[in-house]
Amino acid sequence: MAINKAMRIALKALSYPDLDVKKNYKLHRQVNNIVRPYLKPRYTIWDHKIAGIDYEIPVRLFLPPDSSVKDKQKVLIFFHGGGWVIGNIDSYSNVCAHMASMTGCVVVSVDYRLAPEHPFPCGLEDCYAVAREIFLDLTLFGVDKEDIVLIGDSAGGNLAAAVSLKARDRGEFKVTKQILIYPSTHNDHSDETGFPSIREYGTDYLLTSKRIRDYMDLYRSSDEDLFNPYLAPLIADDLSDQPRTLIITAQYDPLRDEGEAYGKKLREHGNTVFIHRMKDSLHGFISLPKHFVHVKRSYQLINEFLNDTL
């Protein structure tokens, strides 16, 4: 359903254009945990820790119903959204439980370190370390490397794309598939020079362009980071040898155009990419209950992509 006048008024009221994320990011974390409470699912889960460079990275494993770790299934390594500043495995546990249920895959949710306490590239290195551990020890889940897929939403989509780039550059493992849900891929979110969707939907649609800039200011360690392709994959000179990719964007999302531009640039460098713009949707819709039409359609696309029938 299209966004009507009453809905637009409500969205404008909820967008808080003057809220200073940089000063109140801790409050944002608390609110996020209240809005997305962790409700223990009816599925089997395990909490583990994976060794990073100097930090143990918590991960939470979700099994689909009627499954066991001995079943051979695809594995989705999930990186959550939240602008690299908010979100955790608790606030995304319901999303991951639904993901396991609706795909029939094992979902490994990564609780990477958050900025600004741990700025770029800390969170990325955590995500890379988890992916490396799983790809290099296939006995952990008893799967082939082609059955391991990176997936993330928003900032998590950014991290998934960056892990794929870093894996190619380091040559330690090869990612064959990635799913990027309304990802952040660029370094410029100004109303004057950014993509058209930044100008058209950067206010009054929940996620604002100001909030995106605030998150990126908190995430980066220095101004030089803005020109690092691991922070902004779209600016990479070489996007060759990247995974088969599904990109899902939202119509009324300021990040829409840069996500789609990333998909097109991947294609230009010889990669197989599927891009789908979800009509009448807002940034963050994958966190809605699973009966919502946009969520159901997304998982239909994801399952077709995973099964090579898209």
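The values are calculated or read from the model by the stated rules, or taken from the named source; none is laboratory data. No experiment lies behind these values; they were computed from the predicted model shown. Backbone-built Cβ (ideal geometry, glycine too); neighbour counts: all protein chains shown.
So which residues in the stretch 211-226 are assigned to a helix (DSSP H, G or I) and in contact (Cβ under 8 Å) with a residue 24 or more places away in the chain? ARG211, ILE212, ARG213, ASP214, TYR215, MET216, ASP217, LEU218, TYR219, ASP225, LEU226, listed by residue number. Just for the stretch 109-149: of the residues that are among the charged types (D, E, K, R) and part of a helix (DSSP H, G or I), which one is surrounded by the most Cβ atoms within 10 Å (Cβ to Cβ)? Out of the qualifying residues, it is ASP126. Answer yes or no as to whether CYS96 is touching a helix residue (DSSP H, G or I) at 6+ places or on another chain (Cβ under 8 Å) and closer than 19 Å to ILE286 by Cα. No; evaluated as a whole, the condition is false for this residue. Sub-8 Å Cβ pairs linking a first residue in the stretch 256-280 that is of a type in the set (S, T, N, Q) to a second residue that is buried (at least 18 other Cβ atoms within 10 Å of the Cβ), at least 6 apart or interchain, are ASN271/LEU239; ASN271/GLN242; ASN271/PRO243; ASN271/ARG244; ASN271/THR245; THR272/ARG244; THR272/THR245, ordered by first then second residue.
Using the structure shown, decide if PHE79 is buried (at least 20 other Cβ atoms within 10 Å of the Cβ), of a type in the set (Phe, Trp, Tyr) and more than 19 Å from GLY284 (Cα to Cα).
Numbers: buried (at least 20 other Cβ atoms within 10 Å of the Cβ): yes; of a type in the set (Phe, Trp, Tyr): yes; more than 19 Å from GLY284 (Cα to Cα): no.
In short, no.
Could you tell me whether the stretch 197-204 includes any residue that is surrounded by fewer than 21 Cβ atoms within 10 Å (Cβ to Cβ) and more than 22 Å from HIS294 (Cα to Cα)? Yes; the residues of the stretch 197-204 include at least one that is surrounded by fewer than 21 Cβ atoms within 10 Å (Cβ to Cβ) and more than 22 Å from HIS294 (Cα to Cα).
Looking only at residues in the stretch 105-131 that are within 22 Å of PRO65 (Cβ to Cβ) and free of Cβ contacts under 8 Å to residues at least 60 places away in the same chain, which one is nearest to the chain's Cα centre (by Cα)? Even if it seems obvious, please write down each step before you answer.
Going residue by residue through the stretch 105-131, those that are within 22 Å of PRO65 (Cβ to Cβ) are 105-109.
Restricting the remaining residues to those that are free of Cβ contacts under 8 Å to residues at least 60 places away in the same chain gives 106-109.
Numbers: VAL106: 17, VAL107: 13, VAL108: 13, SER109: 11 Å.
Among those that are within 22 Å of PRO65 (Cβ to Cβ) and free of Cβ contacts under 8 Å to residues at least 60 places away in the same chain, it is SER109.
Select from the stretch 99-149 the residues that are of a type in the set (S, T, N, Q) and under 26 Å from LYS296 (Cβ atoms) and write down the one among them that is modelled with the lowest pLDDT. Walk me through it before giving the result.
Applying the first criterion (of a type in the set (S, T, N, Q)) to the stretch 99-149 yields 101, 103, 109, 139.
Subset that is under 26 Å from LYS296 (Cβ atoms): 101, 103, 109.
Values: SER101: 93, THR103: 96, SER109: 98.
Here the answer is SER101.
Hey, does the stretch 87-100 have a residue that's over 18 Å from ILE247 (Cα atoms), of a type in the set (S, T, N, Q), outside any loop (DSSP other than H, G, I, E, B) and in contact (Cβ under 8 Å) with a residue 12 or more places away in the chain? Yes, the stretch 87-100 has at least one match. Candidates in the stretch 257-296 are the residues that are aliphatic (A, V, I, L, M) and not in a helix (DSSP H, G or I); of these, the one that is farthest from PHE195 (Cα to Cα) is LEU288.
Conditions: (1) in contact (Cβ under 8 Å) with a residue 40 or more places away in the chain; (2) among the polar types (S, T, N, Q); (3) surrounded by fewer than 19 Cβ atoms within 10 Å (Cβ to Cβ); (4) more than 23 Å from LYS145 (Cβ to Cβ). THR249 meets all but one. Number of the miss? Exception for THR249: condition (3).
Just the residues that are of a type in the set (A, V, I, L, M, F, W, C) and touching a Leu at 6+ places or on another chain (Cβ under 7 Å), please, taken from the stretch 189-211. Within the stretch 189-211, just LEU206 meets the criteria. Quick check on THR193: is it surrounded by fewer than 21 Cβ atoms within 10 Å (Cβ to Cβ) and at pLDDT below 95? Yes: the conditions hold for THR193. Within the span defined as the stretch 51-60, every residue fails to be crowded, with 17+ Cβ neighbours inside 10 Å, part of a helix (DSSP H, G or I) and on the phi < 0 side of the Ramachandran plot.
Screening the candidates ILE151, ILE134 for the property of being closer than 22 Å to LEU61 by Cα and touching a residue at least 60 places away in the same chain (Cβ under 8 Å) yields one hit, ILE151.
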